[in-house]
1. Looking at residue 65 and the list (1) open to solvent by less than 80 Å² (accessible area, probe 1.4 Å); (2) at pLDDT 70 or above, which single condition is not satisfied?
2. From the list 15, 78, 26, which one is on the phi < 0 side of the Ramachandran plot, of a type in the set (Val, Ile, Thr) and at pLDDT 75 or above?
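The values are calculated or read from the model by the stated rules, or taken from the named source; none is laboratory data. In this text, all values refer to a predicted model and were calculated from it rather than measured experimentally. The area values use the complete protein model at the heavy-atom level, side chains included, leaving out ligands, DNA and RNA. Shrake-Rupley method; radii C 1.70, N 1.55, O 1.52, S 1.80 Å.
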Amino acid sequence: MSDTIAELERAGAAVSIDLMMLVDGVRSRIKAVPAGEYSDLSHESGVSVPTLYDIIANRRIPSIPTLQKLCDHFKLTVDVATHKQVLPPVVVPLS
């Protein structure tokens, strides 16, 4: 069990595996950004650079508003009620 999940469970929070998978996915996308571009990511997403570092170091679980900002930036959608990741629709141009 990851430290993140254990921390939430100690706090008495119900943890959805889908939500934790989404957090891990966002964490992976942040890690894919070159470290020198974190200030750009911070400016574009509205999430501070220290928070980005804490998320990728697994020292911090993003709050729902922070997670939503990052999902918006990376063009992921989240159904907060069910904690299911929903992929954006594929748009096929008409011929």
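1. (1) is the only condition that residue 65 fails.
2. Values: 15 fails: at pLDDT 75 or above; 78 fails: at pLDDT 75 or above.
One residue alone meets the criteria, 26.
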